[in-house]
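The block underneath contains the structure these notes are about, expressed in structure tokens.
The values are calculated or read from the model by the stated rules, or taken from the named source; none is laboratory data. Computed from a prediction, not measured in an experiment: that's the story for all the values here. Heads up, the Cβs are rebuilt from the backbone with ideal geometry, glycines too, and the neighbour counts pull from every protein chain shown. To get the accessible areas, we keep the full protein, side chains included, count just its heavy atoms, and leave off ligands, DNA and RNA. Shrake-Rupley method; radii C 1.70, N 1.55, O 1.52, S 1.80 Å.
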Amino acid sequence: MKPVLTKRGVAELLLFCVAAGWGIGFPVMKIVVNDYPVMMVLGLRFLLSALLMLPFSLKKLSKIPPQTLLAGVLLGLLLGGSFIFLIYGLQRTTASNTGFLAGLSVIWVLLLTGPLGGKRPSCEAMLATLFGVAGLYLMADIHGLQLHLGDGLVVIGSLFTAVHILALDRFCARHDTMTLTFLQIATMAVMFIGLQAISGGEVMPHAWSGKLIIALGVTALFSTVIAFWVQTHYQRHTTPTRAILIYNLEPVFSALFALWLLRETLSANVILGGGLILLGMCIPGVLKTFTQRYRKSSNAETEWEG
């Protein structure tokens with residue numbers, strides 16, 4: 001009797017949970033960033049994440065090469081910049097908008113990969129960008145050339161995320177991934193706590209409300225530590241293309257959690273615009289899957305005829 005779920009099926013189900021863990025992050029953060037300073041919340045979130053990851057990273061941290069330390073700090077600064085724009089944007093727009101617009105990072109990666117490698121952007125990247133820009137126009141309710149501040153900050157954050165992804169792709173082949181991840185998270189914790197202290201604000205809250213504790217626990221544990229562990233251990237059991245398609249469900253989860261937790265309403269523009277962005281995110285993976293299947297069937301027919 002065949003098992004109900006294969007190893008690949010279990011892996012993809014867990015990656016599906018990773019997308020949900022990422023998706024819940026924006027609505028949960030939205031609950032607390034209007035009551036507490038953004039830098040304080042981010043500092044506490046990544047400090048807790050670093051402490052949770054420390055037992056798994058301690059052995060490798062005792063012998064960190066200087067190049068790995070530099071790479072981890074640089075990646076942390078890039079990702080930290082992304083979070084600053086995303087969360088400040090989240091304060092000024094809805095959690096559902098933030099989820100979909102943050103997903104533009106997938107499209108920016110496709111658009112930037114070619115030029116950074118000395119090549120023109122691929123047709124898939126151009127098509128994905130077209131859908132992404134159209135979705136942005138609808139979702140952000142742009143009047144003339146004026147983009148709402150909150151949505152604009154999230155778009156800038158998505159560009160930082162794209163640059164971080166490209167840098168991570170380059171560094172991962174040369175350095176230990178667990179060490180890099182811990183260094184990124186620790187760098188962000190120091191960065192956010194330092195910025196909060198320099199600004200003269202409170203580094204620690206005077207009163208720990210229940211919603212702050214829940215938000216920190218959910219985002220540090222589920223959206224960061226567990227999500228990374230699952231991604232690192234189970235992504236190899238499926239194809240990169242299928243993994244990316246699963247990760248693209250993050251904004252959908254973000255919108256669903258925003259409806260549930262924040263009682264947000266989705267206008268027709270948000271639904272249509274978010275759908276276009278999601279379609280743009282999925283187009284390259286879908287086209288790649290169909291192309292691979294077409295080539296396999298063509299090769300099989302050629303061999304049969306031969």
- Subset of segment 168-199, residues modelled with pLDDT under 85 and more than 20 Å from Leu61 (Cβ to Cβ), comes to Asp169, Arg170, Ala173
- Message: For the condition small (Gly, Ala, Ser) and closer than 13 Å to Gly72 by Cα, what is the one hit in Ala167, Ala162?
- Response: Ala167
- Message: Condition first: under 12 Å from Leu136 (Cα atoms), among the hydrophobic types (A, V, I, L, M, F, W, C) and more than 17 Å from the chain's Cα centre (by Cα). Now tell me which residues in segment 248-282 satisfy that.
- Response: Val270, Ile271, Leu272, Leu276
- Positions within segment 157-207 being out of contact with any Ser or Thr (no Cβ under 6 Å at 6 or more places or on another chain), surrounded by 14 or more Cβ atoms within 10 Å (Cβ to Cβ) and not in a helix (DSSP H, G or I), in sequence order: Asp176, Val203, Pro205
- Task: Kindly list, by first and then second residue, each pair from a residue in segment 156-185 that is of a type in the set (D, E, K, R) to a residue that is open to solvent by less than 40 Å² (accessible area, probe 1.4 Å), limited to pairs with Cβ atoms under 8 Å and residues at least 6 apart or on different chains.
- Result: Arg174/Ala71; Asp176/Thr68
- Does segment 51-89 hold any residues that are within 20 Å of Leu221 (Cβ to Cβ), at pLDDT 85 or above and more than 12 Å from the chain's Cα centre (by Cα), and which are they? Leu51, Leu52, Met53, Leu54, Pro55, Gly76, Gly80, Ile87
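Listed here are the residues, each with its yes/no results for (1) over 20 Å from Trp229 (Cβ atoms); (2) not aliphatic (A, V, I, L, M).
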| site | (1), (2) |
| --- | --- |
| Cys17 | no, yes |
| Gly21 | no, yes |
| Leu44 | yes, no |
| Met53 | no, no |
| Pro65 | yes, yes |
| Gly72 | no, yes |
| Leu86 | yes, no |
- Using the structure shown, decide if Phe26 is assigned to a helix (DSSP H, G or I), of a type in the set (Phe, Trp, Tyr) and surrounded by fewer than 23 Cβ atoms within 10 Å (Cβ to Cβ). no
- Checking Ile213 against (1) open to solvent by less than 50 Å² (accessible area, probe 1.4 Å); (2) part of a helix (DSSP H, G or I), the condition it does not meet: (1)
- Have a look at Ile107, Ile64 and point out the one that is of a type in the set (Val, Ile, Thr) and farther than 25 Å from Phe253 by Cα. Ile64
